[in-house]
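Before any comments, here is the structure.
FYI, it's all coordinate maths here, none of it is from the lab. No experiment lies behind these values; they were computed from the predicted model shown. Neighbour counts are summed over all protein chains in view; Cβ atoms, including those assigned to glycine, are modelled from backbone coordinates with ideal geometry.
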Amino acid sequence: MADGNLKVLIVDDEAPARARLREMVGDIGGWSVVAEAANGREALDRVAEQKPDVVLLDIRMPGMDGVEVAGHLCTAPVPPAVIFTTAYDEYAVSAFEANAVGYLLKPVRRERLLAALERAARVTRWQIADLANTAPELCARRNIAVYAGGDIRLVSTAQVVCFRADQKYVRMVHAGGEDLIDEPLKELAQEFAAEFVRIHRNSLVRLTAIEELRRDENGLHAVKLQGSAEYLPVSRRHAAEVKQRLAAAASAATV
């Protein structure tokens, strides 16, 4: 790579699409392709290794799609800029435009690629959250990214038992242990509202992980989670919702 060139990572599950983008980027002065990836997991690994300035990111990929990858990237200490490449219809494109997210329609044209690279900007977690509200079918996150020592490790959301505020971070408790993540508890509560319930301003727990809800002589509630002897306090503000959600889940289970 020539000195001063900006680094590009190409992510697409189709080799011909990657080759075409590599060729076009090579024809544009000031940019160099430093790596390619065929899926979301590889994309996160290549970002950690190469520290690209821009990621050309396909949306429709098996396993982890492009929007989920972007969601993980925007929580990194220094995230790259992201330009989505997509063959989606006008509805999805409108969602990208409404949330100021860079995109290129397939088949990608050289002049549009150049324009997109010149105006590339980092996707923020708020843009991803807004995009999830605008077009939720594009944004189902199935993993949480954990950053440690420059490496990226993924924890399946299905394994997460609870999220608890821990000073300026959030402690994520899961089947494999615990990790600190830099994601606001409020946004996690919104994103995973279907599976998790807020029990306290500092705690968000998986509904199906609640083994017991008890009330003491002072009228205060607490929940015990599966696999733990600890009782987590339920605030008065959230007690009614917790009881309602548990009752609804129990009712659904008997149907």
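How many Å³ per residue does the convex hull of the Cα positions in segment 143-254 occupy?
115
Using per-residue counts of other Cβ atoms within 10 Å, averaged over each peptide, order 184-190, 158-164 from highest down.
Values: 184-190: 15.1, 158-164: 19.0.
Highest-to-lowest ranking by the protection proxy: 158-164, 184-190.
Setting aside same-chain residues fewer than 8 positions from residue 51, which aspartates and glutamates have a Cα under 12 Å from its Cα?
Qualifying aspartates and glutamates at Cα under 12 Å: 151.
Using the crude model of +1 on Lys and Arg Cβ and -1 on Asp and Glu Cβ, and no other charge, please compute the dipole size for the chain relative to its Cα centre, in debye to 20.
On the way: 32 positive and 36 negative charges, 138 e Å.
Value, rounded to 20: 660 debye.
Go ahead and run the numbers for FRET between residue 236 and residue 49, Cβ-Cβ distance against an R0 of 30 Å, rounding to 0.05.
Values: r = 49 Å, r/R0 = 1.63.
So, using R0 = 30 Å, E works out to roughly 0.05.
What is the angle, in °, between the Cα long axis of helix 236-254 and the longest principal axis of the Cα atoms in the chain? Nearest 10 is fine, range 0 to 90.
90
Among 228, 203, 32, which comes first, second and so on when ranked by fewest other beta-carbon atoms within 10 Å?
Details: 228 14, 203 21, 32 18.
Ranked by crowding around the Cβ, least crowded first: 228, 32, 203.
Explain nothing, just the number: dipole magnitude of segment 143-254 about its Cα centre with +1 on each Lys and Arg Cβ and -1 on each Asp and Glu Cβ, in debye rounded to the nearest 20. Spell out each step's value before the answer.
Working: 15 positive and 15 negative charges, 88 e Å.
Computed about the Cα centre, the dipole is about 420 debye.
Assuming R0 = 22 Å, what is the FRET efficiency of residue 208 and residue 41, from their Cβ-Cβ distance, to the nearest 0.05?
Numbers: r = 27 Å, r/R0 = 1.21.
It comes to 0.25.
Translational diffusion coefficient of the chain at 20 °C, 1.002 mPa s, Stokes-Einstein with Kirkwood Rh over Cα pairs, in µm²/s as a whole number. Can you show the working numbers first?
On the way: Rh = 20.0 Å.
The calculation lands on 107 µm²/s.
For a Förster distance of 22 Å, can you work out the FRET efficiency between the beta-carbons of residue 19 and residue 87, rounded to the nearest 0.05? Mind dumping the intermediate values first?
Numbers: r = 17 Å, r/R0 = 0.77.
Once rounded, the FRET efficiency stands at 0.85.
At what distance in nm do the modelled label points of residue 124 and residue 189 sit from each other, each positioned 7 Å from its Cα along Cα→Cβ?
2.1
Using Cα pairs under 8 angstrom and six or more residues apart, how large is the relative contact order of the chain, in percent? Each step should come with its number before you reach the end.
On the way: 417 pairs, mean separation 26.6, N = 255.
Rounded, it is 10 percent for the chain.
How much length would be gained if the chain were fully extended between residue 229 and residue 243, taking 0.36 nm per residue of separation minus their Cα-Cα distance, in nm to one decimal?
Details: separation 14, 0.36 × 14 = 5.04 nm, distance 2.04 nm.
Taking residue 229 through residue 243 to full extension adds about 3.0 nm, to one decimal.
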